[in-house]
Amino acid sequence: MLSYRKGSRAERELIDHFSTKGFCVIRAAGSGVNSLSPDILVFKRGMQFGIEAKAHEKQNLNIDREQFDNLKRWEDVSGINCYVGWRRNREPWYFLPLSIFKESEKSYGINWGNAQALGKKLEEFER
């Protein structure tokens, strides 16, 4: 239950941030329960993207194969780019395109160093 609360708190943090910057934001129904779509959808005059929010303290972030494949499928069908937003305590958000995750037998993963080097920062979406 703690993990669910931490995840929904991270989602609300992003929703509040993008809303205050003039974006329209939708939190997906069933967010945190199923893995059929990204947690939040963000729109502003020609900009649109989906975000799967992760608040995860470990050095590596792994997303199980089923959830990741659903995000890729959703991106392909909708035509809207999906990012995994990853934040660690007292660290900024990094937004990771699905293409930079490394595939393993059961999951797709990335380490914090690569996330910092290859991910987009929050302010890059505000332009």
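Values quoted throughout were computed directly from the atomic coordinates according to the rules given, and no laboratory measurement underlies them. Just so you know, these numbers come straight off a predicted model, no measurement behind them. Cβ sites come from the backbone with ideal geometry, for glycine too, and all protein chains shown count toward neighbours.
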Ascending count of other beta-carbon atoms within 10 Å, so fewest first, for VAL77, VAL42, VAL25: VAL77, VAL25, VAL42
Derived scalar couplings ³J(HN,Hα) [the stretch 105-110; Karplus, 6.51 cos²θ - 1.76 cosθ + 1.60; whole Hz; x for Gly, Pro]: 4, 10, 7, 10, x, 8
Per-pair calculated FRET efficiency, R0 = 25 Å: PHE43 and SER104 via Cβ, rounded to 0.05: 0.15
Shape of the chain, Cα gyration tensor, a/c cut at 1.5: rounded
Per-residue Cβ neighbour rank within 10 angstrom, fewest leading, SER8, SER104, SER37: SER104, SER8, SER37
Distance (nanometres) between label positions extended 7 Å along Cα→Cβ at ILE80 and ILE26: 0.5
Proxy reagent accessibility, fewest Cβ within 10 Å first, across LYS106, LYS120: LYS106, LYS120
Counting DSSP beta bridges with both ends in the stretch 33-101, the antiparallel % (nearest 5): 55
Extension gain from GLU57 to ARG90, taking 0.36 nm per residue of separation minus the Cα-Cα distance: 10.9 nm
Shape category assigned to the stretch 69-124 from the gyration tensor of Cα positions, a/c cut at 1.5: oblate
Relative contact order (%) - criterion: Cα under 8 Å, at least six apart; region: the chain: 20
Simple Cβ-charge dipole of the chain, Lys/Arg +1 and Asp/Glu -1, about Cα centre, in debye nearest 20: 340
DSSP-defined beta bridges in the chain - what % are antiparallel, rounded to 5: 75
